[in-house]
Amino acid sequence: MAVFSARLHWALAFAVLVIDICLVALTVFMDKMHHVEPPAGGETEMTAAIGWLGVCGAVFIFGCFGILIKTPSVQEANCDCMVFQCYYSFAVAAISMLIWLAAGSSDGLTFNASSF
């Protein structure tokens with residue numbers, strides 16, 4: 001088994017945190033400076049850079065649920081995978097709401113295309 005380096009671990013964690021913050025800030029900045037209205041009638045706009053930035057940011061920030069279940073601390077806790085999935089899903093939803101609040105949605109929270 002590889003030797004665990006706490007310094008390397010925290011350096012990588014900090015680097016990922018900085019990248020996450022930059023991605024969110026860039027998305028909010030792009031929306032404020034180059035706002036693109038959502039397409040009408042359920043159409044898809046594949047050329048909007050903010051959409052691609054949002055997708056790539058979400059993939060990087062939220063990653064894959066299955067990877068974290070394999071971390072040594074979770075395996076040592078002997079946590080059931082469904083329990084872990086519930087906690088992780090709640091955390092993703094909470095962080096998504098915080099990002100939405102930081103972006104300053106002017107329409108308020110609605111459950112239609114204007115909020116999502």
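The values are calculated or read from the model by the stated rules, or taken from the named source; none is laboratory data. Remember, predicted model here, so these are calculated numbers, not experimental data. All Cβ positions, glycine included, derive from the backbone under ideal geometry; neighbour counts span all protein chains shown. Protein only, heavy atoms only, side chains kept; ligands, DNA and RNA dropped before computing areas. Shrake-Rupley method; radii C 1.70, N 1.55, O 1.52, S 1.80 Å.
Tabulated data for the structure shown
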quantity: Answer from Gly41, Gly108, Gly51 - the residue that is loosely packed, with under 10 Cβ neighbours inside 10 Å, assigned to a helix (DSSP H, G or I) and modelled with pLDDT under 85; calculated: Gly41
quantity: Residue list for segment 78-105, filter: at pLDDT below 80 and assigned to a loop (DSSP other than H, G, I, E, B); calculated: Gly104, Ser105
quantity: Contacts under 8 angstrom Cβ, first residue in segment 14-41 being of a type in the set (D, E, K, R), partner open to solvent by 80 Å² or more (accessible area, probe 1.4 Å), 6 or more apart; calculated: Asp20/Phe60
quantity: Long-range neighbours under 9 Å by Cβ, at least six apart or interchain, first residue assigned to a helix (DSSP H, G or I) and among the small types (Gly, Ala, Ser) within segment 65-77, second open to solvent by less than 70 Å² (accessible area, probe 1.4 Å) and at pLDDT 75 or above; calculated: Ala77/Phe84
